[in-house]
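Visitor: Would you mind keeping the following structure in view while I ask a few things?
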Amino acid sequence: MTTTASTMTELDVRADFPILSRKIGGKRLVYLDSSNTSQKPERVIAAIDDYYRNRNANIHRGVYPLAVEADALFEAARERIAAFTGGEARATIFTANATAAINLVAYSWARASLTPQDAVLVTEMEHHANIVPWQLATAATGAQLRWLDIDEQGLLSLDQLDAELATGDVKLVAVAHVSNVLGTINPVKEIVRRAHDAGARVLIDGAQAVPQMPVDVGTIGADFYAWTGHKALGPTGIGVLQADAAVLEQMPPFLAGGDMIERVTRERSTWNELPWKFEAGTSMIAEAVGLGAAVDYLAALGMTRAREHERMLTAYALEQLSALDGIQIHGPLTADARGGLVSFSVDGIHPHDLAELLGREGVCVRASHHCAQPLMAKLGVPATTRASFAAYNVSEDVDALIAAVRSAQRIFA
Amino acid sequence: MTTTASTMTELDVRADFPILSRKIGGKRLVYLDSSNTSQKPERVIAAIDDYYRNRNANIHRGVYPLAVEADALFEAARERIAAFTGGEARATIFTANATAAINLVAYSWARASLTPQDAVLVTEMEHHANIVPWQLATAATGAQLRWLDIDEQGLLSLDQLDAELATGDVKLVAVAHVSNVLGTINPVKEIVRRAHDAGARVLIDGAQAVPQMPVDVGTIGADFYAWTGHKALGPTGIGVLQADAAVLEQMPPFLAGGDMIERVTRERSTWNELPWKFEAGTSMIAEAVGLGAAVDYLAALGMTRAREHERMLTAYALEQLSALDGIQIHGPLTADARGGLVSFSVDGIHPHDLAELLGREGVCVRASHHCAQPLMAKLGVPATTRASFAAYNVSEDVDALIAAVRSAQRIFA
Amino acid sequence: MDDLYRDFILEHYKRPRNFGELEPHDLEAHEYNPLCGDEIGVQIKVADGKIADLRFNGHGCAISQAAASIATEELIGMDVEEAAKLDADWMLALLGIDISATRRKCALLLLKALRHAITGDGSWPVGATD
Amino acid sequence: MDDLYRDFILEHYKRPRNFGELEPHDLEAHEYNPLCGDEIGVQIKVADGKIADLRFNGHGCAISQAAASIATEELIGMDVEEAAKLDADWMLALLGIDISATRRKCALLLLKALRHAITGDGSWPVGATD
Ligand SMILES: Cc1ncc(COP(=O)(O)O)c(C=O)c1O
Ligand SMILES: Cc1ncc(COP(=O)(O)O)c(C=O)c1O
């Protein structure tokens, strides 16, 4: 299917995002770095502003009306955030970011569960957030860390998964829902089914998936599903762990302090109910309110529609980039098999230089190892350039990208 | 010294705090719960708004101008926040809140340092954030947890400290700079000196001190000093750990993931420089920018002036409360010996009922165990009522408190 | 006069009915509200499937104590099975006052202890938000 | 034509001077920029307190490679003591272009390796922000 620019004009929500009217050195801001962090709609900015301006008080503690209101706002945000991805509020825990959500599992669950006879299985396409916590947890417990390979197209092999699971020692499979470099959409539901059949638990890193496509954690059935607010049109400073409540109940606490306790004596403490057992100290209140507004915005937009829009932009970008000389695209070759992002390399131009030159044209892309150094090693590159899309991108953004890449090629010719 | 309402009018910055113009059930908002969480000046709200509206991008990674700008904003905020309390930027680590800052030490430092021969010393006046992490860390390492008592006035005894240190097994002293219940200002510099002489490290919980008085972590000399943004006129979702860089260098990482690494291979990882070694994943960027604006505001106001203002309000409140029948005040009896807060009990009225009745008059106070259950046990009360002050309070706020307490006494008479 | 603290509530708070210990008893449970430190214990004597007698004890705010006192007057004589099914609405209707989310937990503490005592399940979620 | 990528920079990037290995050598060090994966190694031969010869190797962006190439031309023949004291300003002046905070790290990587090789101290903070 040939994608033309004209098929892509159906969704244009740029006006909802104040920053997009900014000019960079006189140029239109072409923001193609949403997989890194997303921009925020007016609605989210206004919710945070309103919170501090009119509603701010500490929660879970206050008796006066302002505090009761703040508590209600915070817990209502949790309900909506949980529901947005099909989860239960009591099993939806707020953390500082996706990384902290994964670390919660790596400390509380893994250190209490892993033994030297066990293995944790990660994949070659993982973000450092889903690698390094397992390196530390396996080192601490004596368990093994093993890896699933990716093929030429950037796909995992379910056969290799089965072979690993058949060894009988895999206690946890930790895998990205969508790769932040390759874009690969992993068959997480199938991975969970096979892992559960083999008695292994599964953690899905949904940092890239939740912002881009409809996600239903109930259907996926993973024990742990982690994602992050700032990539999903929400504020910085908040991540989400959605888990199986029964598993959470059995886990020891992680961060300790106020709110997560039931009773503290000099000798010992007992723990609060879920989800508060895993939320120590003053919560990210304004951030939860902001993320609540973000999921409201996304729900109103419709995630199926957002996904389709980003799929079309991705298809268009793949097509346009492939038409240039000296470009190598990493990951699946069809937009259907990938999330809304494209990583590529340009012959003779280091990604850093490319991103710098593009930046001067107002085109914001990320040039980096994308916190995925083992994957870079596999691809045999020090870094790649990545363009990533969100609902607020339009086909002209892809056109601007292509024009800027061409111009960089001319400079480095 | 008799404090009269008229001596207290010199500082009135209410207009800087938008929420203070809010009416609660037709009544003026009398916010006396700043020790729980502070209100935010326009400048902080505007900084966050501006960040999302005009500057948002991910940091430490981006090459394009927007990202370079965001990075500069973030690190400049760190410099100013570090300098505000006399610390070094590279030893100033951002965490989710004060609780997370203390947990960082309890996981990274304590679990690597404590043995069954060691002891951690905490005090009876600690907040759960400075108790429960040590209960878990001592349980994990087999070390002992020991307690310093408080006397009738809510003061620690340096003799008891010396006696504990003389046993030779104390590896860490964890103590609040200012008690969130008693108001007690602890002689932290002297505690650090004695502990260091005995070879023990010191963690100061400065959550209540930093918002209320001039704090210089360099002069105090503690190994770790933890505080939190939301109590210091800043946003939720950010805490600060200021530490001795040399100690931090020797500590293993805590939360693992992106940004805190230098190099990741399948087999092992190496760590980034300070402070990033302890900041995993996307930072609380907007929150750092907001807290930067908060310390700018406080610095412009002058912490000595803020402290003096709050001391006068506290003296006035102590005097007025003592004049009522059936009131018991907890903690030091002079304003000089305490921070800007007063906890009290009223005969025959449960704190929860009192706070509810006060709340209906627009007077916001906290009724709770204040996350200090061991202290409540010592005081022999299930909870107390606490009025706490910030720069934006004025003497009329104390008058409103007193009038509301009287009216509650009439209802419960 | 404040609506929440009607004479009727204050009267029960100051002079709680059925307060104290019940020995011997057939069922008992103890509940605690970590938010404010309220505690309520309940002890029940059962005869012919009915609550023959009941006492509550503990300490807490006027709402939790008055709610408990008021509830006990209704509970004595009630079918045990039926008592186990009583819900928040029943309690709040008995109190007859508007209660904020935070204070609901106080008002429902006795009911939570009651259910715990009868069914052995202490998990009825009178959580911080409901 | 872009200012940062002047012919002079691109020319050094495409045809780096003093690139490769130097055997035998007296001093060496290797530096890595975790931000972008740039790597630079430097090997130095010392005679009479001077840098008698020097080679750099590794890979990276045009800025890091060109900066290294340009610097080597100045370094050969320089007093070792003096070379150890060279600072960011020296390097940036040699490059003669405006460099953002993020890219400074690229531009200074050779200098960091040089200092490490001479003094044994790899901690010169060419941190993410400076
Ligand atoms: C003395 C003290 N320490 C620690 C904390 C915890 O701060 P945070 O909730 O921001 O982690 C508080 C406030 O709740 C406090 O008053
Ligand atoms: C796949 C993936 N996992 C985890 C993360 C970490 O998210 P955060 O930085 O918000 O913790 C990211 C983004 O950086 C990501 O792309």
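Visitor: Quick check on my filter: what residues within region B:316-361 are under 21 Å from the mean Cα position of the chain (by Cα) and part of a helix (DSSP H, G or I)?
Guide: Of everything in region B:316-361, those that are under 21 Å from the mean Cα position of the chain (by Cα) and part of a helix (DSSP H, G or I) turn out to be B:Ala335, B:Asp336, B:Ala337.
Visitor: Test D:Leu54 against the criterion of being touching a residue at least 24 places away in the same chain (Cβ under 8 Å) and either more than 14 Å from chain A (Cβ to nearest Cβ) or surrounded by 20 or more Cβ atoms within 10 Å (Cβ to Cβ) (or both), and give yes or no.
Guide: Considered against the rule, which asks whether it is touching a residue at least 24 places away in the same chain (Cβ under 8 Å) and either more than 14 Å from chain A (Cβ to nearest Cβ) or surrounded by 20 or more Cβ atoms within 10 Å (Cβ to Cβ) (or both), D:Leu54 comes out as yes.
Visitor: Quick one: in region A:381-411, which of the residues that are assigned to a loop (DSSP other than H, G, I, E, B) and at pLDDT 95 or above is farthest from the other protein chains (Cβ to nearest Cβ)?
Guide: So, considering only residues that are assigned to a loop (DSSP other than H, G, I, E, B) and at pLDDT 95 or above, the one farthest from the other protein chains (Cβ to nearest Cβ) is A:Val394.
Visitor: Here's something else I'd like to know. Would you tally the residues in region B:224-254 being away from ligand 2 (no atom under 16 Å from the Cβ), in contact (Cβ under 8 Å) with a residue 60 or more places away in the chain and either of a type in the set (Val, Ile, Thr) or over 30 Å from A:Tyr51 (Cα atoms) (or both)?
Guide: Count: 11.
Visitor: Considering each of B:Val175, B:Val181 in turn, give the residue that is assigned to a loop (DSSP other than H, G, I, E, B), within 13 Å of ligand 1 (Cβ to nearest atom) and either within 30 Å of B:Leu301 (Cβ to Cβ) or of a type in the set (Asp, Glu) (or both).
Guide: B:Val181
Visitor: While we're looking at this one, here's another question. Quick check on B:Gly281: is it within 16 Å of ligand 1 (Cβ to nearest atom) and under 16 Å from B:Ala100 (Cα atoms)?
Guide: no
Visitor: Sticking with this one: Of the residues C:Ala62, C:Ala71, only one is under 11 Å from the mean Cα position of the chain (by Cα) and in contact (Cβ under 8 Å) with a residue 40 or more places away in the chain; which?
Guide: Within the list C:Ala62, C:Ala71, the selection yields C:Ala71.
Visitor: If you don't mind, another one. What are the residue pairs meeting all of these: first residue in region A:62-76, first residue closer than 17 Å to C:Leu4 by Cα, second residue of a type in the set (Lys, Arg) and assigned to a helix (DSSP H, G or I), Cβ atoms under 8 Å, and 6 or more apart or on different chains?
Guide: Close Cβ pairs satisfying both conditions: A:Val63/C:Arg103; A:Pro65/B:Arg360.
Visitor: Condition test on A:Ile191, is it aliphatic (A, V, I, L, M), assigned to a strand (DSSP E or B) and assigned by TED's automatic domain parsing to the domain that holds A:Pro116?
Guide: no
Visitor: Could you figure out which of (1) more than 10 Å from chain A (Cβ to nearest Cβ); (2) over 20 Å from the mean Cα position of the chain (by Cα) isn't true of B:Gly62?
Guide: Only one criterion is unmet by B:Gly62, namely (1).
Visitor: Against the condition outside any strand (DSSP E or B) and within 11 Å of chain A (Cβ to nearest Cβ), how does B:Ala77 come out, does it pass?
Guide: Considered against the rule, which asks whether it is outside any strand (DSSP E or B) and within 11 Å of chain A (Cβ to nearest Cβ), B:Ala77 comes out as no.
Visitor: Here is a follow-up. Pick from region A:184-206 the residues that are within 23 Å of A:Ala100 (Cβ to Cβ) and within 16 Å of ligand 2 (Cβ to nearest atom): which of them is nearest to the chain's Cα centre (by Cα)?
Guide: Selected residue: A:Gly206.
Visitor: Run A:Ser343 past the list (1) within 16 Å of ligand 2 (Cβ to nearest atom); (2) facing chain B (nearest Cβ under 7 Å); (3) not aliphatic (A, V, I, L, M) and report the number of the one that doesn't hold.
Guide: Single failed check for A:Ser343: (2).
Visitor: Continuing with this model, one more query. Please state which one of A:Leu324, A:Leu318 is of a type in the set (A, V, I, L, M, F, W, C) and crowded, with 21+ Cβ neighbours inside 10 Å.
Guide: From the options A:Leu324, A:Leu318, the qualifying one is A:Leu318.
Visitor: Take the residues in region A:34-59 that are at the interface with chain B (Cβ under 7 Å from one of its Cβ atoms) and not in a loop (DSSP other than H, G, I, E, B); name whichever of them is surrounded by the fewest Cβ atoms within 10 Å (Cβ to Cβ).
Guide: Result: A:Asn54.
Visitor: Taking into account only those residues within region C:34-51 that are among the hydrophobic types (A, V, I, L, M, F, W, C) and in contact with a Leu (Cβ under 7 Å, 6 or more places away or on another chain), which is surrounded by the fewest Cβ atoms within 10 Å (Cβ to Cβ)?
Guide: C:Val46
Visitor: Here's a follow-up. Could you list, in sequence order, the residues of region B:120-158 that are away from every other protein chain (no Cβ under 14 Å), farther than 13 Å from B:Val175 by Cβ and in contact (Cβ under 8 Å) with a residue 24 or more places away in the chain?
Guide: Result: B:Gly142, B:Ala143, B:Gln153, B:Gly154.
Visitor: Would you pick out the residues in region D:14-31 that are buried (at least 17 other Cβ atoms within 10 Å of the Cβ), within 12 Å of the chain's Cα centre (by Cα) and not in a loop (DSSP other than H, G, I, E, B)?
Guide: Listed by number, the residues that qualify are D:Ala29, D:Glu31.
Visitor: Take region A:63-122 and flag every residue that is of a type in the set (Val, Ile, Thr) and under 26 Å from B:Thr99 (Cα atoms).
Guide: A:Val63, A:Val68, A:Ile81, A:Thr92, A:Ile93, A:Thr95, A:Thr99, A:Ile102, A:Val105
Visitor: Further, regarding this structure: Run down A:Asp347, A:Asp353, A:Asp325 and say which single residue is touching a Gly at 6+ places or on another chain (Cβ under 9 Å) and more than 30 Å from A:Glu79 (Cβ to Cβ).
Guide: On inspection, the qualifying residue turns out to be A:Asp347.
Visitor: Would you check which residues across region A:91-116 are more than 8 Å from every other protein chain (Cβ to nearest Cβ) and part of a helix (DSSP H, G or I) and list them?
Guide: A:Ala91, A:Ala101, A:Leu104, A:Val105, A:Ser108, A:Trp109, A:Ala110, A:Arg111, A:Ala112, A:Ser113
Visitor: When you look at B:Gln212, is it within 13 Å of ligand 1 (Cβ to nearest atom), in a loop (DSSP other than H, G, I, E, B) and away from chain A (no Cβ under 14 Å), yes or no?
Guide: Taking the combined requirement at face value, the residue satisfies it.
Visitor: Does A:Glu267 count as surrounded by fewer than 21 Cβ atoms within 10 Å (Cβ to Cβ) and either among the hydroxyl-bearing types (Ser, Thr, Tyr) or closer than 29 Å to B:Val120 by Cα (or both)?
Guide: For A:Glu267, the condition - surrounded by fewer than 21 Cβ atoms within 10 Å (Cβ to Cβ) and either among the hydroxyl-bearing types (Ser, Thr, Tyr) or closer than 29 Å to B:Val120 by Cα (or both) - is met.
Visitor: Being more than 12 Å from the chain's Cα centre (by Cα) and within 10 Å of chain B (Cβ to nearest Cβ) is the filter; apply it to region C:33-47 and report the residue that is nearest to C:Ala71 (Cα to Cα).
Guide: Selected residue: C:Asn33.
Visitor: Contact list please: Cβ distance under 6 Å, first residue in region A:16-32 and at the interface with another protein chain (Cβ under 10 Å from one of its Cβ atoms), second residue among the β-branched types (Val, Ile, Thr), pairs at least six apart or on different chains.
Guide: Cβ pairs passing all conditions: A:Val30/A:Val363; A:Leu32/A:Val365.
Visitor: Whether any residue in region A:271-288 is over 25 Å from B:Ala106 (Cα atoms), within 16 Å of ligand 2 (Cβ to nearest atom) and at pLDDT 95 or above is what I want to check.
Guide: So far as region A:271-288 goes, yes, one or more of its residues are over 25 Å from B:Ala106 (Cα atoms), within 16 Å of ligand 2 (Cβ to nearest atom) and at pLDDT 95 or above.
Visitor: Working carefully through the options B:Gly62, B:Gly87, find the one that is out of contact with any Cys (no Cβ under 6 Å at 6 or more places or on another chain) and either assigned to a helix (DSSP H, G or I) or away from ligand 2 (no atom under 16 Å from the Cβ) (or both).
Guide: Step by step, each of B:Gly62, B:Gly87 is checked, and only B:Gly87 is out of contact with any Cys (no Cβ under 6 Å at 6 or more places or on another chain) and either assigned to a helix (DSSP H, G or I) or away from ligand 2 (no atom under 16 Å from the Cβ) (or both).
Visitor: Tell me which of these A:Gly154 doesn't satisfy, since it passes every other one: (1) on the phi < 0 side of the Ramachandran plot; (2) within 16 Å of ligand 2 (Cβ to nearest atom).
Guide: (1)
Visitor: Out of all the residues in region B:333-372, which are surrounded by 24 or more Cβ atoms within 10 Å (Cβ to Cβ) and in contact with a Lys or Arg (Cβ under 8 Å, 6 or more places away or on another chain)?
Guide: Residues satisfying the conditions are B:Gly340, B:Leu341, B:Val342, B:Ser343, B:His352, B:Ala355, B:Glu356, B:Val365, B:Arg366, B:Ala367, B:Ser368, B:His370.
The values are calculated or read from the model by the stated rules, or taken from the named source; none is laboratory data. Worth saying up front: this structure is predicted, and the values here are computed from it rather than measured. Heads up, the Cβs are rebuilt from the backbone with ideal geometry, glycines too, and the neighbour counts pull from every protein chain shown.
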